[in-house]
Every structure is written in structure tokens, then in C-alpha cells.
Amino acid sequence: MRSAAFNAISDKVRAGERLTAGDALALFEEPDLLALGALANEVREQKHGDRAYFNRNARLEVTNVCYASCNFCSFAKLEEGMPGAVTLTVPRAIEALRSKVDEHTTEVHVVNGLHPGLPFEYYEELLRALASAFPHAHRKCFTAVEIHFFAQHYRMSVRQVLERLIAAGLQSLPGGGAEIFHPEVRTRIAHDKATGDEWIAVHRESHALGLMTNATMLYGHIETFAHRVDHLLRLRELQDESLKLGKGRLQAFIPLAFHPDGNGMQKLPGTTGVDDLRTLAVSRLVLDNVEHLKAYWVSSTPKVAQIGLSFGADDVDGTIVSETIYSAANKKAPEGLTVDDLVRLIREAGRIPIERDTLYNVVAEHPRAALEGQFKVRERLQGRHLQVVS
Amino acid sequence: MSTLLARALDAANLDLLLLGALADRMRAAERGDVVRLHLDRSTEGEALDNPGNDAHTFLRRVATARLTSGGPIRIDAESVGLQLAQVALTFGADELVVPIEKLSLEVFGTEEKRVLRERELVGLIRSAGRVARIVERGVERDPDETTPAQRRFRAPGRDVARVDQGDA
């Protein structure tokens, strides 16, 4: 069933050779899904063994007012004053987070609409307020699209924007806003925000300043496999440059399944489980220089995310207390999973759950033995060592 | 015999994808590439379900069922979820139950959306590399063979559809 091309690619992967665009395309078209998954799993186990990561994070969107009009988005309201448009003041934003952040939360993840009416100082003030209210939670804030917007809107260079935000407390960038880089697609789904090159430029600059970042890809809408391959190769190239520089880098790649409800592309069918798993597997094989691959359960459902741990993924993202962007697309996924849910999900997949912080430092391990109730795991917030007490 | 084999497979604790690949080979040899899509529950026989989040154990059950028993392996896509149900097709399953009548009444309301739904489900099977056959009220048909409802929907305008019906 598996193609001859696939066997040749397997040999390359096992020899540690880099895959070409042609190889990547052949993998997307490979009919034998399980053979593809098994190959990605080999790479995954070489890198991470049986470990599967998750974290405790809380999400905040301070504004859904957005001047961009991306067709795939069910979240943004275009103007202040429109029904459903919300912009939080800094004290209200902190208050909104208080109910979601506890002493175990290691990350606050903030992404927003591109609000044309706020002063730049608002974002600096927000970061400082987050740092003082939740000093233990890493601040992963603003997608590259927002950073690019800040630079244009407030007439600064990308570097100036980043330096000011870092000074105010920014610690890393999330991977959102990447969508599909290729202009054939991007001009049709997201014509009025950062281009693919501009998105990459923001990450390049962030890496040069020592920030860790993530990268995403929104797939399953109007793009072809060739566009996905182009997207992956551009990220691999960026990572090559950043690794050479040796400061910041891409930590994780997160494929995001497009969801068609409530947005301008709702006539499209959306992605399928097979496509989700295939995309994870190909991403693992092509992005040989990116350490982590996330099966984001909010986008692909917890069930498919769990199977993703056998198709190349080593991370299921976090508990995500309150997520509003995918939920605006009427996703049936539950709003948040508890730590117990995530630990169980990972264990049932035969993996070892590792609770991490944003930078992949180990917060707590949950060894399989604990499943039988023989051990209790004592979690230590900053510790890197496992502590098992009987 | 099959219970013994099921126990042995369970004890061997094979890697999920290895187990799936074995089941998939057996499915291809025994059942071919056709996937029967049941749009109601009128056909007798049990369907595998999975109300919880543990997809891993569910796929093991599907593959083990294929390896230990002959005949159709049917998935209750309503409880499993369409995404995972589609994945199950590559782990040895060859039938899906999606009671669309109930859905069409309760959720969709209109006939047009029902037809869209049917096409979406057929698309799901085809994008898993398989051949879809629809079973409804015990009758099996080719999804490309249009029903009167689909003819009305597919026609460029309702007037044209009416002419078609008039001819018939």
C-alpha cells in the first residue's frame, strides 16, 4: 500500500537527511496514513522518548476590536461600539485573569485584535501590570501580526517595538497569525495584515533579541498541500538562521485546524481527523530543526490530539482556562481541560505526562506508576527533579 | 478462539500504529475499500462507541475487533465524533453509523442542509482514500446516484427541477 517514494523518504529520514519540498509533498499525498504516522513517531521518540508535555496556562484577549478582516476569523469585531466588541482597561484585564490564574499557573498567554484606537503605552502598562499581579506566570504575549501592526501604527521599527515591550516585561511570543504564508492564499484570506515575509521578519528580530517564539499554520481551508509545504520550509529556513545566531529560536510548531462556523468561510467543510494526523506527521518529518510539535487539543479536539501523540506530536498545549477565539467558531471542544484530564489523556496514550513551563523547563513529572495510585507526585514549581513520595 | 486472540493481542500490548497497520491490512484483504455509511440505525448489528476522551483505547478496540472477528466493523460516529470515526477507518473499520434523519430534523431542519451533510460525510470517507456506499432504510446506494431531493437541490434553479419532475 505504501508508495515507493515513501520508502525512499523513510530511508532519508532514518539516515538523518533533510527532506526536500518534493519529499514533503509526497508525504502529504502518501496513501498509507499509519506508515506515515509510524515514521513521524520514530523521529518523535528519538527526540522525546515517551515524554508528552503540557502546561498550566491562562489565556486573555484584552480586545476583540480589529481593523483586519480575515475571512477565517469568527472572533474579531471590526470596530469599537459594534455589538459584542469588548476592550478591557488594564485593571479590568488583571481582574479578569485573577479568576483563571492560581499559584500553579506558569503562563499567561495574551493575544488581541489589532485595535487602532489604543495608545502604545496601554500594552506596556498591561505587561507591567501582569508582571506585578502574577510574577510567577511567564508572559507570552502578542502575535507577530500584532507586533508588526504596532510598528506600523505607532511609527516605530519592529526592533523598537520589541525592545520597549521586553523592557515592560514581555518574555516570549506566541505563534499565532502565521496562517498560510504563501501570497496566493494569504491575499485571499488575510489581505490586510502582516504578510508572510513580515511575520517571519518579526520572529527573526525576536530571536535576535533572545526571545523564544512559537509558530503556527492554519490549514484545511483554501490552501493546497504545496502551500503547506512552502509554509513549513519557510519556517525551517528561519529556524536555521536563528539557530546559527544562537539566541532565541522557534520552540514549537502548532498546526491549527481551520474551523468553518461563524466566519466568512463557513461553506468550506473544515478539516478531518485524517488530515489533522497527516499534517502533524509531515510537520514532524519536515521541521527537523524545531524541537517540539504541538497537537493543540482546542483546535483538533482532545480525541484527535491524543492520537496525535502517536503521529509525531509531543505536546498537547495547556489547560487553557478560557479560550475565546476557537469557541467563537462554535467549536464543540470543552473550554478548558483540567490537569487531571490532560494527565489521563496522555497516560491513556501510553506516554509519560510532563508538566512544563513556557520554556520547556520541567515543572512536574507524572510517572506512569502514579496511575495505579501507588505514588503521589509532589509537584514543585521551580524544580527540575522528580519527587515521588509513597 | 477469537476471545483468546483478543486476550493475546491485549497482552502483547503492541504499538498502536503497528496494531492499526495489521488491522488495516486485514480490512483491505477481507472487506476491500468500500465503506458503508448508515444514515439511520435500521441495520442490525452492534456499533463501537466512545463517549469519553480516550481515543487511544478506542482505536485499539477497533483494530482488535478487526483482527479477532470477521465481518463488518461498525463505528457509532455520533458518540465517537466524526473526526475520530474517520481515523478509525484506517484502523480496521469499514462501516459508519451517522443517523442523519434525526440530525436533519433536530439540527438542520431543511432538506438542503441534509443533502449538504450527506455530501460532507461522503467527502470524509473519500478523503480517507476509500469508496463510500450509502445505506438508508435498509437500501444501499451509490452516493453519486441522486435522490429526488438531491435533484431538486442540485438543479441550478427550482423551476428547472420542477420541469425535470414534470417529465418524470
Which residue fluctuates the most in chain A, going by a Gaussian network model with Cα springs under 10 Å, if the choices are A:Ala167, A:Ala137, A:Ala52? A:Ala167
For peptides B:44-56, A:221-233, sequence by mean Cβ density within 10 Å, most packed first: A:221-233, B:44-56
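I need the peptides A:292-299, A:343-350, B:64-71 ranked by packing, meaning the mean over residues of other C-beta atoms within 10 angstrom, with the highest value on top. If you can, show how the numbers build up before the last one.
Values: A:292-299: 25.6, A:343-350: 21.4, B:64-71: 17.8.
The peptides rank, most packed first, as A:292-299, A:343-350, B:64-71.
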Can you give the alpha-carbon Rg of the range A:51-352 over 2.2 N^0.38 Å, where N counts its residues? 0.93
Taking each residue of A:345-351 in turn, how many C-beta atoms of other protein chains fall within 10 Å of its C-beta, and what is the average? 4
Top of A:Gln306, A:Gln152, A:Gln171 by mean-square fluctuation, Gaussian network on chain A, Cα under 10 Å: A:Gln152
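Stretch A:Arg98-A:Arg155 to full length: gain in nm at 0.36 nm per residue minus the Cα-Cα span? Spell out each step's value before the answer.
Working: separation 57, 0.36 × 57 = 20.52 nm, distance 3.34 nm.
That pair, A:Arg98 and A:Arg155, stretches by 17.2 nm at full extension.
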Taking a label point 7 Å from the Cα of A:Phe120 along Cα-to-Cβ, the residues of the range A:144-163 whose backbone nitrogen sits under 14 Å from it are A:147-163
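Given only helices, namely DSSP H runs of n ≥ 4 each adding -39500 (n - 2.57), what is the per-residue ellipticity at 222 nm of chain A, to the nearest 500 deg cm²/dmol? The partial results should precede the final answer.
Numbers: 13 runs with 156 residues, N = 390.
Taking each H run of at least 4 residues, the total per residue is -12500 deg cm²/dmol.
I need the calculated FRET efficiency for the pair A:Gln46 and A:Thr89, taking r as the beta carbon distance and R₀ as 35 Å, to the nearest 0.05.
0.10
Counting only other chains, what is the mean number of Cβ atoms within 10 angstrom of the Cβ of each residue in peptide B:125-133?
Other-chain Cβ atoms within 10 Å of each residue's Cβ, averaged: 2.
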What average count of beta carbons from other chains do you get within 10 Å of the Cβ of residues in A:32-40? 5
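Since every read-out is calculated from the coordinates, none of them should be taken as a lab result. The model shown is predicted, which means the values in this text are computed figures rather than measured ones. Neighbour counts run over all protein chains shown; Cβ positions are idealised from the backbone, glycine included.
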